[in-house]
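Peer 1: Sharing a structure, written as C-alpha cells. Questions coming.
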There are 2 protein chains.
Amino acid sequence: MRILITNDDGIMSEGIIILARKLSEVGEVHVVAPDIERSATGHAITIRNPLWAKEVKFGNEFFGYAVNGTPADCVKLGIQAILGDKKVDLVLSGVNKGANLGTDVMYSGTVSGALEGAMMEVPSIAISSCSTSNPNFMSATKALVELIKHIDFSNFPKFSAINLNVPAVDYDDLKGFKLTHQSKRRFRDFFEARQDPFGNTYYWMLGEIVEDDRDPQADYHAVEQGYVSVTPITMFHNDPEFMKILKKESFFEH
Amino acid sequence: MRILITNDDGIMSEGIIILARKLSEVGEVHVVAPDIERSATGHAITIRNPLWAKEVKFGNEFFGYAVNGTPADCVKLGIQAILGDKKVDLVLSGVNKGANLGTDVMYSGTVSGALEGAMMEVPSIAISSCSTSNPNFMSATKALVELIKHIDFSNFPKFSAINLNVPAVDYDDLKGFKLTHQSKRRFRDFFEARQDPFGNTYYWMLGEIVEDDRDPQADYHAVEQGYVSVTPITMFHNDPEFMKILKKESFFEH
C-alpha cells in the first residue's frame with residue numbers, strides 16, 4: 001500500500017511525524033506537507049504562485065517534502081509531480097492537534113487534504129486528536145491503523161473521504177468506533193475591537209462553541225462519550241432537501 | 001431588506017461595484033470585502049492575526065469596508081462587528097469573474113462567502129458570471145435580482161445557500177433559470193517543473209477541465225445551454241451513500 005501523508009500543522013509538527021513513522025509499518029509512506037502551519041485554510045489552493053518542494057531530513061534520515069502551499073496543494077503536487085506515475089492507494093491528512101467536528105470541517109485544512117485526495121479518486125482519511133492542549137497522537141494513529149484494517153477499500157466511493165476524530169486518551173481507553181454524521185456543532189463568533197497605535201480599530205475573532213445538535217449520531221457526541229468518531233464525507237455540497245423546496249417554484253425551467 | 005455584500009476578487013473589482021450599486025435599488029446595501037484578490041482561498045478564515053476594516057470611498061461616495069481577510073472573514077466581521085445588532089436579511093457574494101461550477105465550489109472564495117452566511121443562518125447567494133476573459137456583471141446582477149423576486153425567503157433552510165452561475169451574455173439573451181446539481185466537472189491538474197536561478201525545482205500548477213458528468217441536471221450543462229444555473233448547496237459534507245456502505249461493517253458500534 002502506497003500512502004501519501006499530509007497535514008495542516010506543518011511538516012515539523014509532532015502529529016505528522018508520529019503518523020508517518022507508525023504507518024511505515026503498514027505501507028510505503030511518502031510525506032508531502034506544508035512548510036509552515038496552515039490551520040483554518042479551508043480548501044485553499046495556490047494558483048497565482050509557483051510551489052517549491054524542499055527535502056526535509058531529520059539528521060541523516062529523509063522524512064519528506066515541505067511545500068510552500070496548503071494541504072490541498074501538497075496532495076495535488078504529491079500525486080501529480082513528486083510521486084509521478086506511481087499509483088497512490090491512500091491519502092492521510094493529520095494527525096491534527098485538535099478536533100475537526102461539526103462546522104470545523106468547513107474550515108479545516110486537515111479535512112481539505114483528505115477531500116483533495118477524494119477529488120483525485122484516492123481513498124482518503126483525515127485524522128484528528130481531540131485536544132489542542134494535550135493531544136494523543138499515538139492513540140489517534142493506532143485508531144487509524146485499526147480502522148484501515150477493517151475498511152474494504154474496494155468499496156470506498158469516488159469523491160468521498162472519512163473524517164476521523166479520536167478522543168485524546170490512551171488507545172486502550174477508547175470505547176470503540178462509531179459511525180457518525182457531521183453535526184451542526186459550531187462557533188458563535190464575536191470580535192474584540194481594539195485600537196492600534198495609529199488610531200485604527202482592529203478586531204480579534206473569538207468564539208464559543210454551540211453544541212445544540214441533538215442527533216445521537218452527531219460526531220461530537222461520539223467523542224464526548226469516549227468513542228472514535230468515523231464520519232463519511234463527500235466533496236460535494238448538494239442539498240437535496242433545499243432542492244425539493246425550490247422544485248415547487250414554477251419559476252424554474254424543467 | 002438589509003443586504004451584506006462580499007466577494008473574493010477584492011473590493012475594487014468591477015463585479016462587486018456593479019452588484020452593490022444595482023442592489024441598492026432593492027435594499028439597504030453594506031459592502032464588506034477583501035482588500036485584495038482572494039481567489040481559490042476555499043473556506044479559509046483568519047484565526048492567528050487581527051483584522052482591520054478600512055473605509056473605502058470612491059471620490060466622496062462611501063462604498064464599503066476593505067478587510068485584510070478572506071470572504072468568510074468579511075461575512076463574519078460584517079455581521080458580528082460592523083453591522084452590530086442590525087439583522088442581516090441576505091448575504092451576497094460576487095459577482096465573481098468566472099464560473100464556479102462542479103468542483104470549483106470546493107475551492108471557491110466566492111462560494112465560501114455564501115456558505116459563511118449560511119452558517120450564520122442568513123439566506124445567502126453566491127453569484128458568478130461564467131467568463132474570466134469577458135464577464136458580464138450586469139446580466140449576472142439582473143439575473144440575481146430576478147431570482148430574489150421569486151424566492152420565498154421564509155422557506156430558505158438554515159445552513160443552506162444558492163450557487164448562481166450566469167452565462168456571460170446580455171440579460172435578454174439568457175434562456176431562463178434551471179435548478180441544477182453541483183456536478184463532478186473538475187480539473188485534471190498537472191505541474192510544469194522549472195529550475196529557479198539557484199538550482200531548485202519549482203512547479204506551476206496547470207489544469208484542463210474534465211466534463212464527464214452526464215447528469216442532465218449538471219450545473220455546467222445548464223450554463224452551456226444558455227440557462228442560469230441555480231444550485232442549492234449545503235455547508236455540510238455528510239455522505240449518506242458512503243454511510244450505507246460503512247453501516248454494513250460489524251466493526252462499528254451501534
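Peer 1: Taking the criterion of being over 30 Å from B:Met120 (Cβ atoms), assigned to a helix (DSSP H, G or I) and under 17 Å from the mean Cα position of the chain (by Cα), would at least one residue in the range A:63-76 satisfy it?
Peer 2: Within the range A:63-76, one or more residues are over 30 Å from B:Met120 (Cβ atoms), assigned to a helix (DSSP H, G or I) and under 17 Å from the mean Cα position of the chain (by Cα).
Peer 1: Here is a further query. Tell me, yes or no, whether the range B:189-205 has at least one residue that is at the interface with chain A (Cβ under 9 Å from one of its Cβ atoms), surrounded by fewer than 19 Cβ atoms within 10 Å (Cβ to Cβ) and under 21 Å from the mean Cα position of the chain (by Cα).
Peer 2: no
Peer 1: I'd like the full set of residues that are crowded, with 24+ Cβ neighbours inside 10 Å and either farther than 26 Å from A:Ser139 by Cβ or in contact with a Phe, Trp or Tyr (Cβ under 7 Å, 6 or more places away or on another chain) (or both), limited to the range A:64-77.
Peer 2: A:Val67, A:Gly69, A:Thr70, A:Ala72, A:Asp73, A:Lys76, A:Leu77
Peer 1: Here is a further query. Are any residues in the range A:33-62 part of a strand (DSSP E or B), more than 9 Å from every other protein chain (Cβ to nearest Cβ) and under 30 Å from B:Glu116 (Cα atoms), and if so, which ones?
Peer 2: A:Ala33, A:Pro34
Peer 1: Listed residues A:Val95, A:Val75, A:Val122; which is hydrophobic (A, V, I, L, M, F, W, C), within 30 Å of B:Gln195 (Cα to Cα) and touching a Gly at 6+ places or on another chain (Cβ under 8 Å)?
Peer 2: After ruling out the rest, the residue left standing is A:Val75.
Peer 1: Can you name every residue in the range A:63-78 that is at the interface with chain B (Cβ under 7 Å from one of its Cβ atoms) and among the charged types (D, E, K, R)?
Peer 2: If the condition is that a residue be at the interface with chain B (Cβ under 7 Å from one of its Cβ atoms) and among the charged types (D, E, K, R), then A:Lys76 is the only one that fits.
Peer 1: I've got another one for you. Among (1) more than 17 Å from the chain's Cα centre (by Cα); (2) not in a helix (DSSP H, G or I), where does A:Lys22 come up short?
Peer 2: Checking A:Lys22 against (1) more than 17 Å from the chain's Cα centre (by Cα); (2) not in a helix (DSSP H, G or I), the one that fails is (2).
Peer 1: All but one of (1) in a helix (DSSP H, G or I); (2) under 15 Å from the mean Cα position of the chain (by Cα); (3) farther than 25 Å from B:Thr234 by Cβ; (4) not β-branched (Val, Ile, Thr) hold for B:Gly10; state the number of the condition that does not hold.
Peer 2: If we test B:Gly10 against (1) in a helix (DSSP H, G or I); (2) under 15 Å from the mean Cα position of the chain (by Cα); (3) farther than 25 Å from B:Thr234 by Cβ; (4) not β-branched (Val, Ile, Thr), just (1) comes out false.
Peer 1: Among the numbered conditions (1) farther than 28 Å from A:Arg186 by Cβ; (2) modelled with pLDDT of 95 or more, tell me where A:Phe58 comes up short.
Peer 2: Result: A:Phe58 passes all but (2).
Peer 1: Now for a separate question. Is there a residue being outside any loop (DSSP other than H, G, I, E, B), open to solvent by 70 Å² or more (accessible area, probe 1.4 Å) and not small (Gly, Ala, Ser) anywhere in the range A:113-130?
Peer 2: Scanning the range A:113-130 turns up no residue that is outside any loop (DSSP other than H, G, I, E, B), open to solvent by 70 Å² or more (accessible area, probe 1.4 Å) and not small (Gly, Ala, Ser).
Peer 1: Report the residue count in the range B:1-14 for those that are open to solvent by less than 10 Å² (accessible area, probe 1.4 Å) and either of a type in the set (A, V, I, L, M) or more than 16 Å from B:Ser112 (Cβ to Cβ) (or both).
Peer 2: 4
Peer 1: In the range B:163-184, which residues are crowded, with 20+ Cβ neighbours inside 10 Å, away from chain A (no Cβ under 11 Å) and part of a loop (DSSP other than H, G, I, E, B)?
Peer 2: Scanning the range B:163-184 gives B:Pro167, B:Ala168.
Peer 1: Then there's this: Do we find that B:Val95 is buried (at least 18 other Cβ atoms within 10 Å of the Cβ) and touching a Cys at 6+ places or on another chain (Cβ under 7 Å) in this structure?
Peer 2: no
Peer 1: Starting from residues that are more than 7 Å from every other protein chain (Cβ to nearest Cβ), open to solvent by 20 Å² or more (accessible area, probe 1.4 Å) and touching a residue at least 40 places away in the same chain (Cβ under 8 Å), keep the ones in the range A:214-254 and report whichever is farthest from the chain's Cα centre (by Cα).
Peer 2: Filtering first and then ranking leaves A:Gln225.
Peer 1: Can I ask one more? Check A:Asn100 against each of (1) part of a helix (DSSP H, G or I); (2) surrounded by 22 or more Cβ atoms within 10 Å (Cβ to Cβ); (3) more than 9 Å from chain B (Cβ to nearest Cβ); (4) not small (Gly, Ala, Ser) and name the one condition it does not meet.
Peer 2: Among (1) part of a helix (DSSP H, G or I); (2) surrounded by 22 or more Cβ atoms within 10 Å (Cβ to Cβ); (3) more than 9 Å from chain B (Cβ to nearest Cβ); (4) not small (Gly, Ala, Ser), the lone unmet condition for A:Asn100 is (1).
Peer 1: Related question: Kindly list the number of the only condition in (1) within 14 Å of chain B (Cβ to nearest Cβ); (2) among the small types (Gly, Ala, Ser); (3) farther than 15 Å from A:Asp89 by Cα; (4) out of contact with any helix residue (DSSP H, G or I) (no Cβ under 8 Å at 6 or more places or on another chain) that fails for A:Ala143.
Peer 2: Going through the list (1) within 14 Å of chain B (Cβ to nearest Cβ); (2) among the small types (Gly, Ala, Ser); (3) farther than 15 Å from A:Asp89 by Cα; (4) out of contact with any helix residue (DSSP H, G or I) (no Cβ under 8 Å at 6 or more places or on another chain), A:Ala143 breaks only (4).
Peer 1: Which ones in the range B:188-202 are part of a strand (DSSP E or B) and out of contact with any Asp or Glu (no Cβ under 7 Å at 6 or more places or on another chain)?
Peer 2: Residues satisfying the conditions are B:Asp189, B:Phe190, B:Phe191, B:Glu192, B:Ala193, B:Arg194, B:Gln195, B:Thr201.
Peer 1: When you scan the range B:18-38, how many residues do you find that are open to solvent by 30 Å² or more (accessible area, probe 1.4 Å) and within 27 Å of A:Thr41 (Cα to Cα)?
Peer 2: Qualifying residue count, the range B:18-38: 5.
Peer 1: Just to verify a result, which residue in the range B:143-154, among those that are over 14 Å from the mean Cα position of the chain (by Cα) and in contact (Cβ under 8 Å) with a residue 40 or more places away in the chain, is surrounded by the most Cβ atoms within 10 Å (Cβ to Cβ)?
Peer 2: Within the range B:143-154, the match that is surrounded by the most Cβ atoms within 10 Å (Cβ to Cβ) is B:Ala143.
Peer 1: Take A:Ala140 and tell me if it is under 14 Å from A:Met235 (Cα atoms) and open to solvent by less than 20 Å² (accessible area, probe 1.4 Å).
Peer 2: no
Peer 1: Among the residues in the range A:108-116, are any touching a residue at least 60 places away in the same chain (Cβ under 8 Å), farther than 27 Å from B:Pro50 by Cβ, away from every other protein chain (no Cβ under 12 Å) and in contact with a strand residue (DSSP E or B) (Cβ under 8 Å, 6 or more places away or on another chain)?
Peer 2: The answer is no, given that none of the residues of the range A:108-116 is touching a residue at least 60 places away in the same chain (Cβ under 8 Å), farther than 27 Å from B:Pro50 by Cβ, away from every other protein chain (no Cβ under 12 Å) and in contact with a strand residue (DSSP E or B) (Cβ under 8 Å, 6 or more places away or on another chain).
Peer 1: Only one of B:Pro157, B:Pro135 is within 9 Å of chain A (Cβ to nearest Cβ), open to solvent by less than 60 Å² (accessible area, probe 1.4 Å) and part of a loop (DSSP other than H, G, I, E, B); which?
Peer 2: Just a single option satisfies the conditions, and that option is B:Pro157.
The values are calculated or read from the model by the stated rules, or taken from the named source; none is laboratory data. Fair warning: this is a prediction, and the values are worked out from it, not measured in the lab. So basically every Cβ, Gly included, is an ideal-geometry build from the backbone, and we count neighbours across all protein chains shown. Side chains included, ligands, DNA and RNA excluded: accessible areas come from the protein's heavy atoms. Shrake-Rupley method; radii C 1.70, N 1.55, O 1.52, S 1.80 Å.
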